[in-house]
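The values are calculated or read from the model by the stated rules, or taken from the named source; none is laboratory data. Quantities reported herein were computed from a predicted structural model and do not represent experimental measurements. Every residue, glycine as well, gets a Cβ built from its backbone with ideal geometry; the counts of neighbours run over all protein chains shown. Surface accessibility is based on the protein's heavy atoms, side chains included, excluding ligands, DNA and RNA. Shrake-Rupley method; radii C 1.70, N 1.55, O 1.52, S 1.80 Å.
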Amino acid sequence: MIIKNIECLVTCAGSHKKIKEKMKDAKIIENGYVVIENDIIKEVGKGETYLKKIKDNDIVIDAKGKTVTPGLIDSHTHVVYGGSRERELPLKLNNMSYIDILESGGGILSTVRDTKDASFEKLYEESKKRLDVMLLHGTTSIESKSGYGLDFETEMKMLEVNKKLNAIHPINVFSTYLGAHAIPEEYKDDREEYINFMIKKVIPYVKENNLAEFIDCFCEKGVYSVEEARRILSAGKEKGFKVKIHADEVESIGGAELAGELKATSAEHLVAASREGIKALADNEVVAVLLPTTSFYLMLNKFASAREMIDSGVPIALATDCNPGSSPTESMQQVMTFACFGMKLFPQEIINAMTINAACAVNKQKEIGSIEVGKKADIAIFNSKNLNYLIYHFGVNSIDKVIKNGKIVVQDGKIMN
Ligand code: NIG
Ligand code: FE
């Protein structure tokens, strides 16, 4: 396959975390081309200098007037869940906070009930539909967390759904165990017992059965304290999981500092991260996964301090947080809008944060995240004449085609079979 005459080829070249000024350089080639053989990128260049001789049965895509980027990587999602939470909308409009809703048995805990009630098949089918929407919007890889089961059986059901989605759907699914997403209702008066249950029973089981690569914990006032998060995540790290952490989403309690201390792969949310926390992330090269649609949707009137983080040398990634409560969207293009207009990130920073830095947040930077020779041919083609235009024209799906593993999987607004 060859994609030629690409008006704006955004390669995001590099297999490392981009920081500071490097985030502002997405290695754009004007009038570029990409040659793909099987599922791998073979050539990248400018003009018509390709070495490949085009044969009759080669697929030739003319990308005049288009912007081509690496397939988008959504490095923080809770896409596997039962039910929905539109009933919380009027509560929020009546100024009830996210944590108040959770403490009154709603929020995450209501999704836990719906996820327990859903059969494996139903959970799989509903989640698959959301992955289809992601693909239609240009996403080719995601991270997906458990955490709406909490009990053993339902957590394993969620992780098995991740596994089946990864096997069957064009999108790659990287799995995270997030048993520490809330304190289950049945352990309300004995949180210690639930923590011990995760450490002694669930974490070893998930590892032995290879059901997740990452471990995560919702470290937040009213949920898991820094001490509890340290215990849970350290236990996971000892078993060989890579560490992620929901840190300082609503209040600053030292979650970012803990991410630095544990040398986490990523720290996520960080809306309220302290100055010391930001320094700890930079010093330990922890990727900050920022979720601007969540800030918007929780009506926090505040976004993570992305500019300060970039100036401090923290590598930034951007993700949807796709979940039924705080960010019911599958669209990374929606995230582009809020990253630009809410966090004042530049288009080249945004695209680096959704590709190469996002690959680093899921530890897959050697295989995906940029358009470079040797990498997987995961590519998004947008109906936009340049990268600025893609972000300037908002609220629509700008995808023309999506290529996954060297095959066209989306065309004319449809998933190809
Ligand atoms: O990332 N913060 C914790 N977890 C999710 C929300 C989950 C939910 O509300 O259902 C988040 O925002
Ligand atoms: Fe989350």
statement: Residue set Ser252, Ser234; condition under 19 Å from Thr176 (Cβ atoms), among the polar types (S, T, N, Q) and open to solvent by 20 Å² or more (accessible area, probe 1.4 Å); output residue Ser234
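Quick one: count up the residues across the stretch 8-44 that are on the phi > 0 side of the Ramachandran plot and either open to solvent by 90 Å² or more (accessible area, probe 1.4 Å) or of a type outside the set (S, T, N, Q) (or both). Even if it seems obvious, please write down each step before you answer.
First, the residues of the stretch 8-44 that are on the phi > 0 side of the Ramachandran plot: 12, 14, 20, 27, 31, 38.
Applying the additional criterion that residues be either open to solvent by 90 Å² or more (accessible area, probe 1.4 Å) or of a type outside the set (S, T, N, Q) (or both) yields 12, 14, 20, 27, 38.
Going through the stretch 8-44 one residue at a time, the tally reaches 5.
Each row is one residue, and each column tells you yes or no for (1) open to solvent by 10 Å² or more (accessible area, probe 1.4 Å); (2) outside any strand (DSSP E or B); (3) in contact with an Asp or Glu (Cβ under 7 Å, 6 or more places away or on another chain); (4) under 30 Å from Val410 (Cα atoms).
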| position | (1), (2), (3), (4) |
| --- | --- |
| Thr176 | no, no, yes, yes |
| Ala182 | no, yes, no, no |
| Glu186 | yes, yes, no, no |
| Ile195 | no, yes, yes, no |
| Lys200 | yes, yes, no, no |
- request: Looking for whichever is more than 20 Å from Asp151 (Cα to Cα), part of a loop (DSSP other than H, G, I, E, B) and among the small types (Gly, Ala, Ser) here; the options are Ser234, Ser252. Which one fits?
  value: Ser252
message: Going by what's in this entry, would Lys157 be described as farther than 30 Å from Glu30 by Cα, of a type in the set (Lys, Arg) and within 13 Å of ligand 1 (Cβ to nearest atom)?
response: no
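Among Glu251, Glu308, which is the only one that is within 15 Å of ligand 1 (Cβ to nearest atom), among the acidic types (Asp, Glu) and more than 19 Å from Asp74 (Cβ to Cβ)? Working first, answer last.
Values: Glu308 fails: within 15 Å of ligand 1 (Cβ to nearest atom).
When all the criteria are applied, what remains is Glu251.
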query: Got a sec? Which helices (runs of 4 or more DSSP H) wholly within the stretch 304-417 have at least 3 residues that are of a type in the set (S, T, N, Q) and open to solvent by 10 Å² or more (accessible area, probe 1.4 Å)?
result: 332-341
- request: Determine the pairs where a residue that is at negative phi and assigned to a strand (DSSP E or B), located within the stretch 139-156, has a partner that is of a type in the set (Phe, Trp, Tyr) and open to solvent by 10 Å² or more (accessible area, probe 1.4 Å) with Cβ atoms under 6 Å apart, the partner being 6 or more residues away or on another chain.
  value: Glu143/Phe174
Scan of the stretch 257-276 for residues that are within 15 Å of ligand 2 (Cβ to nearest atom) and surrounded by fewer than 22 Cβ atoms within 10 Å (Cβ to Cβ), ordered by number: Val271, Ala272
query: Just one of the numbered conditions (1) under 25 Å from Asp39 (Cα atoms); (2) away from ligand 2 (no atom under 16 Å from the Cβ) is not true of Ala361; which one?
result: (2)
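Quick one: how many residues across the stretch 157-167 are touching a residue at least 12 places away in the same chain (Cβ under 8 Å), of a type outside the set (Asp, Glu) and open to solvent by 20 Å² or more (accessible area, probe 1.4 Å)?
Here is the first cut: in the stretch 157-167, the residues touching a residue at least 12 places away in the same chain (Cβ under 8 Å) are 157-165.
Now narrow it down to the ones that are of a type outside the set (Asp, Glu): 157-159, 161-165.
Now drop any that are not open to solvent by 20 Å² or more (accessible area, probe 1.4 Å), which leaves 157, 163-164.
Number satisfying all stated conditions: 3.
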Those residues of the stretch 78-104 which are touching a helix residue (DSSP H, G or I) at 6+ places or on another chain (Cβ under 7 Å) and either away from ligand 1 (no atom under 13 Å from the Cβ) or not charged (D, E, K, R) (or both), in sequence order: Val79, Val80, Tyr81, Gly82, Gly83, Leu91, Ile101, Leu102
query: In the stretch 45-73, which residue that is surrounded by fewer than 16 Cβ atoms within 10 Å (Cβ to Cβ) and among the hydrophobic types (A, V, I, L, M, F, W, C) is nearest to ligand 1 (Cβ to nearest atom)?
result: Ile59
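Condition (residue is in a loop (DSSP other than H, G, I, E, B), among the acidic types (Asp, Glu) and within 30 Å of Tyr98 (Cβ to Cβ)) applied to the stretch 16-35: is it met by at least one residue?
So the first thing to find is which residues in the stretch 16-35 are in a loop (DSSP other than H, G, I, E, B), and the list is 16-19, 25-27.
With among the acidic types (Asp, Glu) added as a condition, the list becomes 25.
Subset that is within 30 Å of Tyr98 (Cβ to Cβ): none.
The answer is no; no qualifying residue exists.
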- line: Scanning the stretch 74-101 residue by residue, the ones that are within 23 Å of Val161 (Cα to Cα) and either open to solvent by 70 Å² or more (accessible area, probe 1.4 Å) or within 16 Å of ligand 2 (Cβ to nearest atom) (or both) total 9
